[in-house]
Amino acid sequence: MLLPKFDYYDPETVEEACGLLTELGGQTKLLAGGTDLIVNMKRRTVLPDHVVSLSKIESLTALDASNGTVRIGACVTAGEIAESEAVRQDFAALAAGAAGLGSPLIRNLATIGGNLVTARPAADTPAPLLVYNAHVVLKNGAGERTVSIGEFFAGPGETVIGEQEILTEIILEKPQGRTGAGHLKLGVRNALEISLVNVAAFLRLDQGVIAEARVAMGSVAPTPILSPGAGTVLKGEKPSESLFSRAAEAAASDSRPIDDFRASAAYKRAMVETLTRRALAAAYGNALKE
Ligand SMILES: Cc1cc2nc3c(=O)[nH]c(=O)nc-3n(C[C@H](O)[C@H](O)[C@H](O)COP(=O)(O)OP(=O)(O)OC[C@H]3O[C@@H](n4cnc5c(N)ncnc54)[C@H](O)[C@@H]3O)c2cc1C
């Protein structure tokens with residue numbers, strides 16, 4: 001399938017790219033790994049006049065860990081995140097989410113920035129970023145702003161990013177104390193599969209009690225969401241199988257899945273419960289390691 005015609009630009013700095021977005025106007029698309037954009041252009045569902053590639057902007061490909069903060073450039077690929085020692089060590093749920101995205105071929109191209117901006121409810125990196133309280137940096141010609149990942153998604157395929165903004169990096173603060181996280185994805189196949197349901201869980205323990213807990217889920221609401229109910233059930237309690245079961249029930253009741261060609265809403269809700277229970281058990285197991 002041939003691509004439609006468009007003008008191509010490949011700036012070398014974020015500032016230059018921001019300038020192009022301002023100058024070229026509405027019919028312009030940023031190109032990162034192209035695993036969504038190029039597919040959509042071939043299908044003729046997206047027809048930009050101008051395509052601004054991010055591939056020559058070195059700063060967007062950096063993954064830096066220092067002073068307890070990990071900064072992941074928007075153009076770091078899912079494959080690089082899955083392999084990164086800094087991410088695997090302190091953000092295991094994100095490494096797992098990235099490792100389960102698509103196939104090796106897709107992971108070598110698909111960027112974390114593209115995965116977030118595409119805003120598919122079933123995407124694999126948002127739930128882990130939600131449980132780690134990540135932030136994203138958005139830049140345009142006038143300056144930059146930092147937005148919490150919980151406020152970034154606005155609906156299926158929609159985010160708060162402005163037309164002339166570029167997502168430049170994702171910021172993660174290293175969890176302090178005895179913490180652990182887990183991530184699970186359920187699909188119909190074991191590989192190259194969009195999630196039917198995905199769940200990430202994070203726990204921080206203080207003297208054997210859960211001091212902080214977050215459960216996030218994908219593919220069961222218009223955007224990836226945190227489960228307030230699970231957090232409330234878990235906080236201040238001693239970890240146990242029955243506690244994790246009650247938190248999993250709360251997560252299932254916070255989910256808002258729909259019936260579609262891939263599975264019924266009832267099945268997805270049941271799977272939220274199962275995956276949450278298992279992700280919490282994994283998070284607890286990881287918190288006890290060290
Ligand atoms: C066969 C196949 C399997 C897949 N499997 C999965 C899967 O299992 N899990 C999953 O989550 N996804 C999956 N995907 C979806 C896809 O790979 C991801 O959404 C990918 O991460 C998008 O990133 P990209 O770099 O390819 O973005 P692109 O396609 O380059 O861009 C996507 C959109 O984001 C915008 N954009 C990109 N970067 C930026 C930025 N820095 N700032 C502002 N806007 C930006 C672009 O303008 C475009 O609108 C699959 C795709 C395919 C083709």
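The values are calculated or read from the model by the stated rules, or taken from the named source; none is laboratory data. Not measured: the values here are computed from a predicted model. Here Cβ is always computed from backbone atoms with ideal geometry, including for glycine, and neighbour counts include all displayed protein chains.
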Original post:
Does the stretch 196-217 contain any residue that is surrounded by 17 or more Cβ atoms within 10 Å (Cβ to Cβ), within 16 Å of the ligand (Cβ to nearest atom) and modelled with pLDDT under 95?
Top reply: yes
**OP:** Looking only at the stretch 161-176, decide whether some residue is loosely packed, with under 15 Cβ neighbours inside 10 Å, in contact (Cβ under 8 Å) with a residue 12 or more places away in the chain, under 30 Å from residue 24 (Cβ atoms) and within 14 Å of the ligand (Cβ to nearest atom).
**Re:** yes
**OP:** State the number of residues belonging to the stretch 225-279 that are on the phi > 0 side of the Ramachandran plot and of a type in the set (Lys, Arg).
**Re:** 0
Original post:
Right, residue 269: in contact (Cβ under 8 Å) with a residue 60 or more places away in the chain, within 23 Å of residue 154 (Cα to Cα) and not hydrophobic (A, V, I, L, M, F, W, C) or not?
Top reply: no
Subject >> Residue in the stretch 75-84 that is of a type in the set (Asp, Glu) and under 24 Å from residue 221 (Cβ atoms) present >> reply: no
Original post:
If we keep just the residues of the stretch 88-124 that are among the β-branched types (Val, Ile, Thr) and in contact with a strand residue (DSSP E or B) (Cβ under 7 Å, 6 or more places away or on another chain), which is farthest from the ligand (Cβ to nearest atom)?
Top reply: 112
**OP:** Could you please let me know if residue 178 is touching a helix residue (DSSP H, G or I) at 6+ places or on another chain (Cβ under 7 Å), among the basic types (Lys, Arg) and at pLDDT 95 or above?
**Re:** yes
**OP:** Please state which of the following conditions residue 85 fails to meet, knowing it meets all the rest: (1) within 13 Å of the ligand (Cβ to nearest atom); (2) of a type outside the set (Val, Ile, Thr); (3) in contact with a strand residue (DSSP E or B) (Cβ under 9 Å, 6 or more places away or on another chain).
**Re:** (1)
**OP:** Give me a count of the residues in the stretch 61-81 that are hydrophobic (A, V, I, L, M, F, W, C) and within 12 Å of the ligand (Cβ to nearest atom).
**Re:** 6
Original post:
Out of (1) touching a Leu at 6+ places or on another chain (Cβ under 7 Å); (2) not in a helix (DSSP H, G or I), what's the single condition that is false for residue 278?
Top reply: (2)
Subject >> Criterion violated by residue 114 - all others in (1) crowded, with 23+ Cβ neighbours inside 10 Å; (2) free of Cβ contacts under 8 Å to residues at least 60 places away in the same chain; (3) among the small types (Gly, Ala, Ser) satisfied >> reply: (2)
Subject >> Scan of the stretch 30-54 for residues that are surrounded by fewer than 18 Cβ atoms within 10 Å (Cβ to Cβ), out of contact with any helix residue (DSSP H, G or I) (no Cβ under 6 Å at 6 or more places or on another chain) and closer than 25 Å to residue 107 by Cα, ordered by number >> reply: 34, 38, 39, 40, 42, 43, 44, 45, 47, 53
**OP:** Please identify the pairs in which a residue from the stretch 14-39 that is within 18 Å of residue 194 (Cα to Cα) has its Cβ atom under 6 Å from the Cβ atom of a residue that is assigned to a helix (DSSP H, G or I) and small (Gly, Ala, Ser), counting only partners at least 6 apart or on another chain.
**Re:** 33/114
Original post:
Within the stretch 11-46, restricting attention to residues that are among the charged types (D, E, K, R) and away from the ligand (no atom under 13 Å from the Cβ), which residue is farthest from the chain's Cα centre (by Cα)?
Top reply: 23
